Amino acid sequence: MEDKGLHNAKEKRLKRKEVLEKKKAIDEIIRKATSVQDHLSSFLPFCQYDRNGLSVHLESGNGDHLSSPTKKYIQNLLKVNMERYYGLEWPTEEKVKRREMVVPEARYIFVRQSNTNATIAGVNKPEDGLDDGGLMDGQDRLVGFVHYQFVVEEDVPVAYVYELQLESCAQGKGLAKFLMQLVELIARKNKMGAVVLTVQKANENAMSFYTNKLRYVISSISPSRVDPLIGAEKSYEILCKTFDPEAKGKLEE
């Protein structure tokens, strides 16, 4: 009995050590990914998009280095695109999003259209509710952005897409799909196990886009799968696309 007790104690110590080492390894993956200031530098051929009558270029950004005009633009585009889907929840959600957008861990892909191209295309003026998105700081006009962060979900390092927002002039051109595929490339390069995102149920176009065009699935951590009764009361679903069996087992199955 004593030998068995010692054996069990040894197994528990080894198990704890294994868990701690795995956590340390995951934390290091997140640390390394977050320490990269410009993830687009590894994907320079993807920084120009010229398709379907749209010509834009991409640039990286960090949450704690956003200019005042850029912060204002992000806030305004979020309001224009998302307020109707949140309904009465919007005032609270807007405050949350404003905090999330400027944390040091926030990484951005900004979509800019040169003033010349915008004028030729007839979209040199921002749509209602938006400012000139970057012109105030001497840059080409912003027409959208992606906000993502490297986080841990269910012991899996993931790239979590907080926002993918485009102005109407940049929608329906294949750009959103291109940007998500770019995020997936960034995630894979940085050893993430998945890309995860949240979609409002009321945003049926977005839900169809992610699940049908990009083949994302409702994650096992989404409220509707954790507890259908609670999920029915929630206004959102959590979607994911996994890259390896371990991530699939923890986030999909």
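Do we find that R31 is surrounded by fewer than 16 Cβ atoms within 10 Å (Cβ to Cβ) and not assigned by TED's automatic domain parsing to the domain that holds G144 in this structure? Answer is yes for this residue. Answer yes if at least one residue in region 53-73 is out of contact with any Gly (no Cβ under 8 Å at 6 or more places or on another chain), farther than 25 Å from F110 by Cβ and of a type in the set (D, E, K, R), and no otherwise. Within region 53-73, not a single residue is out of contact with any Gly (no Cβ under 8 Å at 6 or more places or on another chain), farther than 25 Å from F110 by Cβ and of a type in the set (D, E, K, R).
For L58, the criteria (1) in contact (Cβ under 8 Å) with a residue 40 or more places away in the chain; (2) assigned to a helix (DSSP H, G or I); (3) surrounded by 11 or more Cβ atoms within 10 Å (Cβ to Cβ) hold in every case but one, which is (2).
As a summary of the residue check, A9 satisfies the conditions (1) in contact (Cβ under 8 Å) with a residue 12 or more places away in the chain; (2) among the small types (G, A, S); (3) not assigned by TED's automatic domain parsing to the domain that holds M180 except for the one numbered (1). Restricting S168, S219 to those that are at negative phi and either acidic (D, E) or more than 17 Å from the chain's Cα centre (by Cα) (or both) reduces the list to S168. The numbered conditions (1) buried (at least 18 other Cβ atoms within 10 Å of the Cβ); (2) more than 19 Å from G63 (Cα to Cα); (3) modelled with pLDDT under 95; (4) touching a helix residue (DSSP H, G or I) at 6+ places or on another chain (Cβ under 8 Å) are all true for P126 except (4).
Selection of first residues in region 73-86 that are aromatic (F, W, Y) and of second residues that are outside any helix (DSSP H, G or I) and modelled with pLDDT of 95 or more, restricted to Cβ pairs under 7 Å at least 6 apart or on distinct chains, gives the following pairs, ordered by first then second residue: Y73/L142; Y85/Q200; Y85/A202; Y85/N203; Y86/Q200.
Please verify whether M192 is within 19 Å of G61 (Cα to Cα), within 16 Å of the chain's Cα centre (by Cα), among the hydrophobic types (A, V, I, L, M, F, W, C) and outside the structural domain of A25 (by TED's automatic domain parsing), treating the condition exactly as stated. The answer is no for M192.
Residues that are of a type in the set (D, E) and over 19 Å from the mean Cα position of the chain (by Cα) within region 40-90 comprise D50, E89, listed in sequence order. Please work out if A232 is part of a helix (DSSP H, G or I), aliphatic (A, V, I, L, M) and surrounded by 14 or more Cβ atoms within 10 Å (Cβ to Cβ). No, not satisfied.
The values are calculated or read from the model by the stated rules, or taken from the named source; none is laboratory data. Values in this document were obtained by computation on a predicted structure and should not be read as measured data. No Cβ is skipped: glycine too gets one built from the backbone with ideal geometry, and neighbour counts run over all protein chains shown.
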